[in-house]
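The values are calculated or read from the model by the stated rules, or taken from the named source; none is laboratory data. Computed from a prediction, not measured in an experiment: that's the story for all the values here. Methodologically, a virtual Cβ is constructed for each residue, glycine included, from the backbone with ideal geometry; neighbour enumeration extends over all protein chains shown. SASA here: full protein model, heavy atoms, side chains in, ligands and nucleic acids out. Shrake-Rupley method; radii C 1.70, N 1.55, O 1.52, S 1.80 Å.
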Amino acid sequence: MKRLLTMMAAALLAVSVEAQVMMLSETHAMKRVDANQRYLLLPVQEKEEMAHVKVICQNQVVKELNVRLAVDHVDYVVPLELNTLCCKENVKNGKSAYLLDIQFNGNRRSTGAVKDYVCWQHMQTNNEFDTTNRERFRPAYHHTPLWGWMNDPNGMFYKDGVWHLYFQFNPYGSQWENMTWGHSTSKDLIHWEYQGTPIEADALGTIFSGSCVVDKNNTANYGREAVVAFYTSAGASQTQSMAYSTDGGKSFTKFAANPILTADIPDFRDPKAFWNDEIKRWNLILAAGQEMRIYSSENLRDWKYESSFGLTYGNHDGVWECPDMRKMTVKGTGEQKWMLICNINPGGPFGGSATQYFIGDFDGHRFTCDSRPDVTKWMDYGKDHYATVTFDNAPDGRHVAMAWMSNWQYANQVPTRQFRSANSIPRDLGLFRDGSETYVSVVPSPEMLQLRGKKVKNPTETCEIVADLKGSATLTLTNDKGETVVMTYDDGARTFSMDRTKAGDASFSDAFSAVTTAPTHGQIRQLRIFIDRSSIEVFDAEGRMAMTNLVFPTSAYNKLKVKGGKATVYAAKL
């Protein structure tokens, strides 16, 4: 009897699926979905090709996305929020049934018939989406997306006691695609709360990186202290658009006359706007192929081209991206200089993506670099520090930066699935001199001190290590599996290195195993080392060296051997 009931239930399910899924060709299907629940859960299989999905309501396309729909195995599910796609009146009246128009791109000879894909049995509606962490490598005190893919930090600003972090986000899978702005907020730069996706794709394209400013003087006429966002619309070409928020960055209205800036080059992106008090105008800097273009404006809408910088300066082994500019004081001198950040991919000192920068003078029109054209300066000498940008309107004149903690060489392959990528811990930037050159100093933001818990004997998976050095020193982290990370300070050569070649899992990429080495610009007396499950960030306590590397140990590092100094371990107070 039980077997008969099971067979009947299976037959009914098959009929239900057959009724809801319409096979139109070898690569084309449609499926009807009732909007009686909040989410449609889409089953994902990461090895498969992208399927292009059009969501149709009342004969109109209300959403388009690309997703790797499962063929024979479900790796995880992602949510498509249904009740925001059609008007509330249609939802209320039960008229918002959706039609999914799905075009598959995979090879039918290897994947089989579309009608047999397991995605049809697992594509369900639900009022809930479970974001409970299922990843052992998810950091505990770094910002990560609850699900999906994340890369560059975007639009960061501080207002009314809250830090706002937007980020490049794919809500429909844990690999790069469907770029939109995700949004998280924090009151302490450690604990983050997800706030949704306030800027999404439109007719001009998907939403690439950009910036936000707090318009304190209402120069754009959207209201005093309105938040104005600038972003790249990535369509057939890359153009620049703007949007504004009158509710503190929770939601945005797009400027009706977008785009506000265009160019005749393919790589034209990542607008960074800032108020320049010296000229009483706004400046905006854009990555344009192998240079940075600088603009000015009085009202945040009409931009005048001023100049370009960079064609013969620094590293040009990859595309320039994600610029930033800040005026800062050189430590111990009272002199002020401008820092121009230029992220680059590839071209980093150890392969892949990295953050370079230039120091010089800026009059609101033209940036003049202090160094020779062949000088390249890196902000962080690890493999996993990219797309670094700073918060607008940070308190007390601080220059607070965050980076994307990964590398384009392997970011899509790291061993997580529910999510991919984290941000670095927040860092306060400054300037210092070493000989005739000026460099950026990088220290953990003071908020990180609140993370220090009780002293413990051995390292844990989430901890801070403070190491006091007497000269040359070696620090070796080990776990019960024999996996090791070796950090070496050479006092004579004034270098610091980290060897992660035996740190744990590196099977996902030949480019992952590495030894990274940094100049220290002087003697290191103390190191601050932050460990958070799958990352190690090391700082000279005085800010003259920073190094960020991912690690994927089989078990947590629980032993520390120090030669040439002593170390104190603080468990993280989460």
Going toward the positive end of the dipole of the range 439-536, with +1 on Lys and Arg Cβ and -1 on Asp and Glu Cβ, which of Gly504, Pro459, Val440 do you reach last?
Pro459
Could you tell me what a quarter of the Cα convex hull surface of the range 379-530 works out to, in nm² with one decimal place?
11.4 nm²
Unit charges on C-beta of K, R, D, E only; dipole of the range 41-161, Debye:
180 debye
Explain nothing, just the number: relative contact order of the range 374-425, from Cα pairs under 8 Å at least 6 residues apart, as a whole percent.
32 percent
Can you show me the helix-derived [θ] at 222 nm for the chain, built from DSSP H runs with n ≥ 4 at -39,500 (n - 2.57) apiece and divided by the number of residues, rounded to the nearest 500.
-1500 deg cm²/dmol
So, by mean Cβ neighbours within 10 angstrom, what's the order for 242-251, 151-160, 376-385 with the highest one leading?
376-385, 151-160, 242-251
Using a 1.4 Å probe and counting only protein heavy atoms, arrange Tyr570, Tyr98 so the residue with the most accessible area comes first.
Tyr570, Tyr98
On average, how much accessible surface per residue is there in the range 374-484, in Å², for a 1.4 Å probe, leaving out ligands, DNA and RNA?
34 Å²
For labels at Val118 and Arg32 in the simple 7 Å Cα→Cβ model, what's the distance in nm?
2.8 nm
Beta carbons within 10 angstrom, averaged per residue: use that to sort the peptides 529-540, 488-499, highest first.
529-540, 488-499
For the range 67-217, what % of the accessible area comes from carbon and sulfur atoms, probe 1.4 Å?
45 percent
Specify the inter-centroid distance of the range 176-217 and the range 237-262, based on alpha-carbon positions, in whole Å.
12 Å
Write down the accessible area per residue of the range 27-126 in Å², having rolled a 1.4 Å probe over the full set of protein chains.
50 Å²
What's the center-to-center distance, using Cα atoms, between the range 491-542 and the range 98-116 in Å?
45 Å
Helix 2-20: angle to the longest alpha-carbon principal axis of the chain, degrees 0 to 90, nearest 10?
80 degrees
Calculate the dipole size of the range 410-531 relative to its Cα centre from +1 charges on Lys and Arg beta carbons and -1 charges on Asp and Glu beta carbons; express the result in debye to the nearest 20.
340 debye
Order by protection proxy (mean Cβ within 10 Å, highest first), peptides 448-456, 231-239
231-239, 448-456
Express the relative contact order of the chain as a whole percentage, based on alpha carbon pairs under 8 Å and six or more residues apart in sequence.
10 percent
What's the magnitude of the charge dipole for the chain around its Cα centre, counting Lys and Arg as +1 and Asp and Glu as -1 at the beta-carbon? Answer in Debye, nearest 20.
1400 debye
How many nm is it between the label spots at Trp176 and Asp510, if each spot is 7 Å from the Cα in line with the beta carbon?
2.0 nm
In whole Hz, the Karplus estimates of ³J(HN,Hα) for the range 190-199 (6.51, -1.76, 1.60; θ = phi - 60°; x where Gly or Pro) are 10, 9, 10, 10, 6, 10, x, 10, x, 10
Specify whether the C-alpha gyration tensor of the chain places it in the rounded, prolate or oblate class, a ≥ b ≥ c being the square roots of the eigenvalues: rounded for a/c under 1.5, otherwise prolate if a/b is larger than b/c and oblate if not.
oblate
Students often forget the sequence filter, so: which lysines lie under 30 Å Cα-Cα from Lys47 once same-chain residues fewer than 8 apart are removed?
Lys31, Lys63, Lys115, Lys383, Lys481, Lys502
For the range 242-326, which whole-number percentage of the solvent-accessible area (1.4 Å probe, protein heavy atoms only) is attributable to carbon and sulfur atoms?
47 percent
